[in-house]
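As structure tokens, the structure follows; a few thoughts come after it.
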Amino acid sequence: MEKLTKRAAPIDRSPMTLKERIYLPALLKGMSITVGHIFKKKATVQYPEETRPFSPVFRGLHVLNRDAEGRENCTACGLCAVACPAEAITMEAAERKANEKHLYREEKYAARYEINMLRCIFCGACEEACPKDAIYLSETVMPANFTRESFIYKKQDMLIPHPKKDQKA
Amino acid sequence: MRLCTFASWRVKYNALRENYIKMSDNIKVTIDNITIEVPAGTSILEAARKVGGEVAPPTMCYYSHLKGSGGKCRTCLVEVSKGSEKDPRPMPKLVASCRTGVMDGMEVKSMTSEKVLDARKGVTEFLLLNHPLDCPVCDQAGECHLQDLGYDHGWESTRTEFERRTFEPEDIGPNIQLHMNRCIMCFRCVFAAEQLTDYREHGILDRGEHARISTCISKSLDHDFIGNVIDVCPVGALTDKTFRFKQRVWFTKPVDAHCSCTKCKGEVRLWMRGDEVYRVTARKDEWGEVAIASDGKPGWICNECRFEKKKVSDWVIEGPSNISRHSVISQGHYNKTVHEPQIELLAEVIGKEPIMKMDIHDVSDVNKPNVHLNQIQGPAHSEDFK
């Protein structure tokens, strides 16, 4: 029968020679490869003490932006949610009251804003869709966790620190 | 014998009569190289709508069910390259198609004319001069005619350096929200209030740049059928206060429904999310106008149907509405797919029922089963989320 590929090599089944029977040359050849790797550059890094250099366009955990006066930028327009291919973003909007003008930039704001990080694929479509510069993907790698519940990120988990109130920022 | 002659005479008479009607009433008009026959007295716009598709010019102020509307926004400009069979000279300027009647043998260029497209671009720029572009906040976004117009004919950015005109917010009642900044002065709501309700409370006050929709003075719009001004408004200047900020239009699912209403026909479109009715509007046709109801009249709906019946039990649901595939509202909706009975394939493969590790409602604060945003009268506020 004709072979499907030309890559198949026939196995040599002739009896082993003396050099092959004492195994030592093959053993030394193998050990030389092993010892050689000790002196090569390591493939691993000591994460989390060390991190790899990230690409400047790396997309990590989301942050919700505030303006210079600390008001939330997000106006719950829903464009991030409609752009999201994984349907990870959900929100509920509310109307700003007269005494809340220092909290929210527009007359409508996101009363609830959640990202299901189990669904998120970190594509950055939400960042691109946002007309208000409200959502950004930071350079923080998504932290691992043991419970599913901890992957539902709420608005307070993502908002950046207040520029005036939170001095540690 | 006599009966037979009578019958043949009748057939002859009918044929002659039909021929006569055809000859006298129907005239030929060519729009974008497509020739159709329309009755005399039709406007170019109506004839173009008969052709359909992209040939029909966009309209912002003309509304076929409102008498006297049209002629204000100039978005429906067309070029008449041949006046008529008798007088084949072209019209010297672009004409507003909603206000110009067709003539026999008229040739019209709508989307095939460079001049027309350029003019529409200019008109769009003028309409957007004072428009606040707060689409992320506006409830009309997603079904806004000015958005469509800007998308089809607008510039990508603004060239004006002047401040946009702004107005003090005005309260015009518990059900209708007025955003005067967004208004493009189409006068549709004035005609709607004049022709549908028993008394018109609002109108255009002042003139020029100061012209505004207002009541005289500080009245509330609560006559029956006044809710239809929301449907006729091409932008987000008049919106439904009971729907304000509750949901984005494209996250709700449009469903056709009816109820037995004594005041109106009761044929409406519900905008639902799950089992919650967020908004009730009239049904719209392909031109964004209120569709003709089953009794052959425009399907305006009354205030009670629009603002008060926010429960599924108030309605008999007919089925999902037909929404243009190109609209953002149709995203995620698959109308004409066949629903096979679902097979629990996973359970069959692994030999047991899959275990639900997390119910999203236990964790998420959004869309809680016990919180009904659609039952709140006005927009939600911070205390509604505590």
So residue A:93 ticks every box in (1) within 12 Å of chain B (Cβ to nearest Cβ); (2) in contact with an Asp or Glu (Cβ under 8 Å, 6 or more places away or on another chain) but one. Which box is left unticked? (2)
Suppose we keep only residues that are surrounded by fewer than 15 Cβ atoms within 10 Å (Cβ to Cβ) and assigned to a helix (DSSP H, G or I) within region B:363-383. Which one would you say is farthest from the other protein chains (Cβ to nearest Cβ)? B:375
Can you pull out the residues in region A:96-153 that are among the polar types (S, T, N, Q), surrounded by 13 or more Cβ atoms within 10 Å (Cβ to Cβ), more than 8 Å from every other protein chain (Cβ to nearest Cβ) and not in a loop (DSSP other than H, G, I, E, B)? A:150
Output the residues belonging to region B:309-333 that are among the polar types (S, T, N, Q) and not in a loop (DSSP other than H, G, I, E, B). B:313, B:330
Over region B:192-239, the set of residues out of contact with any Leu (no Cβ under 9 Å at 6 or more places or on another chain) and within 14 Å of chain A (Cβ to nearest Cβ) is none
Tell me whether region B:376-384 contains one or more residues that are touching a strand residue (DSSP E or B) at 6+ places or on another chain (Cβ under 6 Å) and touching a residue at least 24 places away in the same chain (Cβ under 8 Å). yes
So, of the residues in region B:201-222 that are free of Cβ contacts under 8 Å to residues at least 40 places away in the same chain and farther than 17 Å from residue B:170 by Cα, which turns out to be surrounded by the fewest Cβ atoms within 10 Å (Cβ to Cβ)? B:208
Taking the conditions exactly as written (at pLDDT 85 or above, under 26 Å from residue A:92 (Cα atoms) and within 22 Å of the chain's Cα centre (by Cα)), does residue B:327 satisfy them or not? yes
Quick test for you: out of B:78, B:116, pick the one residue that is more than 30 Å from residue A:76 (Cα to Cα), modelled with pLDDT of 95 or more, in contact with a helix residue (DSSP H, G or I) (Cβ under 7 Å, 6 or more places away or on another chain) and not in a loop (DSSP other than H, G, I, E, B). B:78
Of the residues that sit in region B:287-308 and are outside any helix (DSSP H, G or I) and touching a Gly at 6+ places or on another chain (Cβ under 8 Å), which one is surrounded by the most Cβ atoms within 10 Å (Cβ to Cβ)? B:301
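The values are calculated or read from the model by the stated rules, or taken from the named source; none is laboratory data. Bear in mind the structure is a predicted one, so any value in this text is a computation, not a measurement. Neighbour counts run over all protein chains shown; Cβ positions are idealised from the backbone, glycine included.
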